[in-house]
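Remarks on the structure that follows.
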Amino acid sequence: MGSKVNAREAASEGVPEALAAGDHGLAIEILLAEHGDYIYGYCRRLLGNPIEAEDVAQTVFTQALQDLGSLTDVHAAQAWLRGIARHRCLDRLRARRRDFQIINHDDLRLLIDRQSVVGHADRDPRVERALDECMDCLDARSRQLLVLRYHDGLSFEEISRLTSDTPGALRVRLTRALPALRRCLERKGVRP
């Protein structure tokens with residue numbers, strides 16, 4: 001793990017140098033190499049769709065390139081990128097509610113068959129896959145709530161402002177979603 005931390009620190013050190021040289025493209029390449037898998041995984045869990053997650057993750061780094069001047073602390077780059085990702089995922093979820101789309105049978109099969117290959121080096125990829133599969137079994141609003149609450153650590157009031165659901169409704173949805181998620185994980189041999 002020590003070499004991983006040193007590599008991350010070296011990569012992080014390259015961002016200020018690239019910014020100082022005015023090479024924003026290099027700075028984004030470094031951030032993408034360092035945080036791309038994490039941002040994709042975050043989007044994948046929030047959206048429940050690997051194709052949309054890939055699209056939104058690309059949008060995140062495109063926006064990051066445009067807003068690179070607002071990155072004040074390179075060591076907080078992951079949180080900065082996650083904030084961008086959260087807003088872009090919520091935009092996508094809102095658009096999904098507005099735009100009803102018909103998916104043909106072949107596209108649906110591709111969506112179902114494609115699995116997430118992104119995992120963290122320190123976590124068991126089988127557990128990551130089981131979590132993704134179980135999150136996919138939840139409705140979009142429950143999935144969104146779980147990610148915002150437990151991954152981002154947002155309060156019910158903060159989530160309420162993002163989703164327009166009342167904090168009470170969010171609490172009820174959470175009390176229904178957690179047992180369903182636990183049962184699904186247990187069926188897959190994962191003890192939460």
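Observations on the model:
- Residue match in region 38-57 (condition: of a type in the set (Ser, Thr, Tyr), surrounded by fewer than 16 Cβ atoms within 10 Å (Cβ to Cβ) and either closer than 21 Å to residue 149 by Cα or without any contact (Cβ under 8 Å) to a residue 24 or more places away in the chain (or both)): no
- Residue in region 95-106 that is among the β-branched types (Val, Ile, Thr), over 26 Å from residue 189 (Cβ atoms) and at pLDDT 50 or above present: no
- Check on residue 175, more than 30 Å from residue 70 (Cβ to Cβ), modelled with pLDDT of 90 or more and not small (Gly, Ala, Ser): no
- Helices (runs of 4 or more DSSP H) (entirely within region 1-74) containing at least 2 residues that are within 21 Å of the chain's Cα centre (by Cα) and modelled with pLDDT of 85 or more: 24-47, 50-66
The values are calculated or read from the model by the stated rules, or taken from the named source; none is laboratory data. Keep in mind that this is a model prediction, so the values were computed, not measured. Here the Cβ is made from the backbone with ideal geometry for all residues, glycine too, and neighbour counts use every protein chain on show.
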